[in-house]
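The values are calculated or read from the model by the stated rules, or taken from the named source; none is laboratory data. Fair warning: this is a prediction, and the values are worked out from it, not measured in the lab. Ideal geometry is used to build each Cβ from the backbone, glycine not excepted, and the neighbour counts take in all protein chains shown. Accessible surface is based on the protein model in full, side chains and every heavy atom, while ligands, DNA and RNA are left aside. Shrake-Rupley method; radii C 1.70, N 1.55, O 1.52, S 1.80 Å.
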Amino acid sequence: MKLLEDRIREDGVVLPGNVLKVNQFLNHQIDPELMYALGKEFANLYQAEKITKILTIEASGIAPAIMTGLILHVPVLFARKQKSVTMNDNLYTADVYSYTKKTKNKVAVTKNFLHATDRVLIVDDFLANGQAVNGLLDICEQAHAGVVGVGIAIEKSFQAGAQLIRKRGVRLESLARIASFTNNEVHFVGGEDSEE
Ligand code: 5GP
């Protein structure tokens with residue numbers, strides 16, 4: 001998606017450890033118009049799928065997820081990160097290792113909000129090693145909910161996540177796909193300067 005790629009080129013900052021900082025429009029300050037455009041794109045890509053729910057993970061997935069839900073007229077559910085979940089059998093939980101914070105979180109969703117009749121679109125801001133999405137897929141599995149696919153704003157295609165999700169047999173659509181970072185520059189998959 002050109003709009004998102006242009007914005008990443010303009011405002012993205014490459015940090016050590018293959019982390020892209022996009023605090024100008026996604027991870028701290030949020031550009032609602034750009035988020036709306038992402039939502040429209042996800043809604044368009046998955047329009048045939050009769051989606052009943054968007055599932056994301058707090059906090060940075062919520063902005064693109066809520067716009068997708070607004071356009072598709074379906075609720076948006078976000079998994080909460082909790083240091084420890086006390087025995088509560090009203091929760092679906094999964095362990096998620098955070099790529100940026102280097103900590104393990106238990107993430108949880110209340111059982112009342114996710115059902116076997118749901119057709120879920122998982123949305124997140126970034127895909128790196130796929131831990132966050134994997135956790136959300138596990139939660140859907142526990143609920144016996146159907147997953148129609150995953151929508152990612154920014155995929156770092158050189159990391160393991162994209163392959164991991166496809167290996168689970170799940171459709172993946174990413175709006176910007178990063179092939180590599182060199183000298184603080186971002187190279188997109190299929191871009192003029194890409195090697196692919
Ligand atoms: P994964 O679970 O796929 O390894 O990492 C995805 C999660 O880590 C995303 O939800 C996002 O919050 C965070 N993340 C991974 N890579 C980056 C990055 O390069 N920049 C930012 N800002 N967040 C990232």
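Scanning the stretch 38-73 for residues being of a type in the set (A, V, I, L, M, F, W, C), more than 16 Å from the ligand (Cβ to nearest atom) and open to solvent by less than 20 Å² (accessible area, probe 1.4 Å) gives a total of 1. Remark: Gly151 matches the filter, which requires a residue to be more than 20 Å from Thr93 (Cβ to Cβ), open to solvent by less than 30 Å² (accessible area, probe 1.4 Å) and within 15 Å of the ligand (Cβ to nearest atom).
For first residues located in the stretch 133-144 and under 12 Å from Ile57 (Cβ atoms) and within 14 Å of the ligand (Cβ to nearest atom), partners that are open to solvent by 60 Å² or more (accessible area, probe 1.4 Å) and among the hydrophobic types (A, V, I, L, M, F, W, C) and lie 6+ apart or on another chain with Cβ distances below 9 Å form the pairs Val133/Leu164; Asn134/Leu164. If we scan the stretch 86-98, do we find a residue that is crowded, with 22+ Cβ neighbours inside 10 Å and small (Gly, Ala, Ser)? Yes, there is a match, as at least one residue in the stretch 86-98 is crowded, with 22+ Cβ neighbours inside 10 Å and small (Gly, Ala, Ser).
What do you reckon, is Gly169 open to solvent by 30 Å² or more (accessible area, probe 1.4 Å) and either farther than 24 Å from Leu15 by Cβ or more than 8 Å from the ligand (Cβ to nearest atom) (or both)? So Gly169 passes the test. In the stretch 1-24, the qualifying residues are those that are assigned to a loop (DSSP other than H, G, I, E, B) and touching a Gly at 6+ places or on another chain (Cβ under 9 Å), and the one that is least open to solvent (accessible area, probe 1.4 Å) is Val22.
Given the residues Ala79, Ala179, Ala162, which is the only one that is crowded, with 16+ Cβ neighbours inside 10 Å and within 19 Å of Lys21 (Cα to Cα)?
Ala179
Residues in the stretch 118-132 that are assigned to a strand (DSSP E or B) and either within 12 Å of the ligand (Cβ to nearest atom) or open to solvent by 10 Å² or more (accessible area, probe 1.4 Å) (or both): Arg119, Ile122, Val123, Asp124, Asp125, Phe126, Leu127. In the stretch 107-127, the residues that are of a type in the set (Lys, Arg) form Cβ pairs under 6 Å with partners that are loosely packed, with under 14 Cβ neighbours inside 10 Å, at six or more places apart or across chains, as follows: Lys111/Asn90; Arg119/Lys50.
For the stretch 25-72, a residue qualifies if it is assigned to a loop (DSSP other than H, G, I, E, B), farther than 19 Å from Glu10 by Cβ and either touching a Ser or Thr at 6+ places or on another chain (Cβ under 7 Å) or not small (Gly, Ala, Ser) (or both), and the qualifying residues are Tyr46, Lys50, Ile51, Thr52, Glu58. Please indicate, with yes or no, whether at least one residue in the stretch 100-115 is outside any loop (DSSP other than H, G, I, E, B) and within 14 Å of the chain's Cα centre (by Cα). Scanning the stretch 100-115, I find no residue that is outside any loop (DSSP other than H, G, I, E, B) and within 14 Å of the chain's Cα centre (by Cα), so the answer is no.
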